[in-house]
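Here is the structure we will look at.
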Amino acid sequence: MLVRLLYASRATTPANNSVHDSILEQSRARNPKLGITGILCFSDNLFIQVLEGGRDEVCELYNSIVRDGRNQHVRILSFEEIRERRFGGWTMGQVNLAKVNPAMLLKYGERAELNPFGVSAHATMALLDELIATALVVSRGG
Ligand SMILES: Cc1cc2nc3c(=O)[nH]c(=O)nc-3n(C[C@H](O)[C@H](O)[C@H](O)COP(=O)(O)O)c2cc1C
């Protein structure tokens, strides 16, 4: 059974490129074996990630992420059974949230600020879809 989990968390310390690179390296090494696909969005203090795959695998990975000291305040935004993957070809796509402009934020939220903890999961997923469509994806992994 396939599921999709969307969560957001805060970086424990202002994250830099080396933190992002090491998370992506780990993800791209492990996710194919776990059958997990998805997308990881980050700014210097925030992570938003979509994980898709089998229910056990997604739940186990989510539990390790909650325990991972590089992030905190991990909040599930949505969890759903899905018929098909949205990120099937992506071992872990990468989106830099620093590139999001105020107009894009205002389209889906009350203020021009990125606050996945204060808006609906639907609004966050719509923003991610737009980021993907407007080619703010840095890379898709494998
Ligand atoms: C924001 C964030 C996203 C992560 N995403 C993944 C991922 O997609 N796949 C993965 O294997 N590890 C990911 N990790 C790393 C895991 O938390 C964990 O370090 C790794 O799975 C090894 O876990 P283990 O030591 O319990 O085996 C992520 C970590 C953070 C902080």
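Only the coordinates and a few stated rules stand behind these numbers; no lab work does. Just so it is clear, the structure is predicted and the values come from calculations on it, not from any experiment. Note that we place each Cβ from the backbone using ideal geometry, even for glycine, and neighbour counts take in every protein chain shown.
Structure notes:
- Each Lys and Arg Cβ is given +1 and each Asp and Glu Cβ -1; about its Cα centre, segment 12-142 then shows a dipole of about 140 debye.
- The phi-based Karplus calculation (6.51 cos²θ - 1.76 cosθ + 1.60; θ = phi - 60°) puts the 3J(HN,Hα) values of segment 90-106 at 10, 5, 5, x, 10, 10, 8, 6, 4, 8, 6, 9, x, 4, 5, 5, 5 Hz, whole numbers, x for Gly and Pro.
- Unit Cα scatterers, Debye sum, segment 1-131: log10 I(q)/I(0) for q = 0.09, 0.10, 0.15, 0.23 Å⁻¹: -0.23, -0.29, -0.68, -1.60
- Result for the chain in a Gaussian network model with C-alpha springs under 10 Å: among 109, 53, 93, the largest mean-square fluctuation is at 109.
- Relative contact order of the chain, defined on C-alpha pairs under 8 angstrom at six or more residues apart (%): 32 percent
- Most fluctuating residue given options 96, 63, 31, as computed from a GNM of the chain linking Cα atoms under 10 Å: 63
- Distance from segment 1-67 to segment 80-125 (C-alpha centre basis), Å: 14 Å
- Amide proton proximity set for residue 93, modelled H, under 5 Å, gap of 5+: 38, 39, 40
- Full extension of the chain between residue 55 and residue 111 gives 16.7 nm of extra length, using 0.36 nm per residue less the Cα-Cα distance.
- Max mean-square fluctuation residue, GNM over the chain, Cα-Cα springs under 10 Å, options 58, 95, 19: 19
- Share, in percent, of DSSP beta bridges within the chain that are antiparallel, nearest 5: 85 percent
- Span-rule helices in the chain, defined as complete DSSP H runs reaching 30 Å or more along the axis (Cα) with Kyte mean at least -1.0: none
- Cut-off 15 Å between beta-carbons: net charge of the residues surrounding residue 98, Lys and Arg +1, Asp and Glu -1: -1
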